[in-house]
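Please read the structure below before turning to the comments.
The values are calculated or read from the model by the stated rules, or taken from the named source; none is laboratory data. All figures in this text were calculated on a predicted structure; none of them were measured in a lab. Cβ placement follows ideal geometry from the backbone for every residue including glycine, while neighbour counts extend to all protein chains displayed.
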Amino acid sequence: MWDSILNLIFPPRCEVCKSDSKEALCQTCFQDIKFMKPHLGIYSIAVYDGALRTAIHRFKFKGKKRLAEPLGIIMVKYLSQAPMLEMKEIDVIIPVPLHKKRLRQRGFNQAELLGNVLSRYYGTSLVSALERVNNTQAQFDLPRQERFNNITGAFKVVDSQSVYNKRVLLLDDIYTTGATIAECSKVLKIAGAKRVEVMTLSRAVDS
């Protein structure tokens, strides 16, 4: 009843285009998303552009956490049509972590919230096995080569038991040069991960 009253006073809107919508991401904005095929073993769902770029930006930087559910469902739907990646063979989902200082500022890790949706749908454990030990400069602010230098040594495995001999799905929101993913994958493999699959919600195609 209270929700109905609130909806009358503050009608639910799409978080991207602000049109009236019961969903955080309306059908019009969903149809604007440019989906991608797997590329070089990286499962990136769609191009970081248009409605998806706006959705991710508002999700991460404007605190619109209700976008986690529709964005996570997009990942679920993609996985159902990606025969090369079988979730039944994945032992654990590991989100790319934020540094604790950035996590305090933002209040949440967007990769973890997306991972919660996948974990709930597939029944696969979500484990925060990685820690970001260096508060690195934002990757988007750097030239391509400097991104790799910036991220070297930035992560460590803090829960090796959940990684050892496991097939891991490493999850993040944006793939740019691949520097962050490569560094995370490296430390997971050093810790004994049997295999590391990579999935991102979006890919910056011009990076």
Checklist entry - How many of the residues making up region 76-105 are among the small types (Gly, Ala, Ser) and touching a helix residue (DSSP H, G or I) at 6+ places or on another chain (Cβ under 6 Å)? => result 0
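Here is a list: 194, 166. Which entry is over 19 Å from the mean Cα position of the chain (by Cα), surrounded by fewer than 16 Cβ atoms within 10 Å (Cβ to Cβ), over 26 Å from residue 33 (Cβ atoms) and modelled with pLDDT of 95 or more? Before the answer, list the steps.
On the way: 166 fails: surrounded by fewer than 16 Cβ atoms within 10 Å (Cβ to Cβ).
Residue meeting the stated conditions: 194.
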Checklist entry - Pick from 43, 48: which is modelled with pLDDT under 95, at negative phi, crowded, with 20+ Cβ neighbours inside 10 Å and hydroxyl-bearing (Ser, Thr, Tyr)? => result 43
Checklist entry - For region 137-155, does any single residue satisfy the condition of being surrounded by fewer than 19 Cβ atoms within 10 Å (Cβ to Cβ), assigned to a strand (DSSP E or B) and modelled with pLDDT of 95 or more? => result no
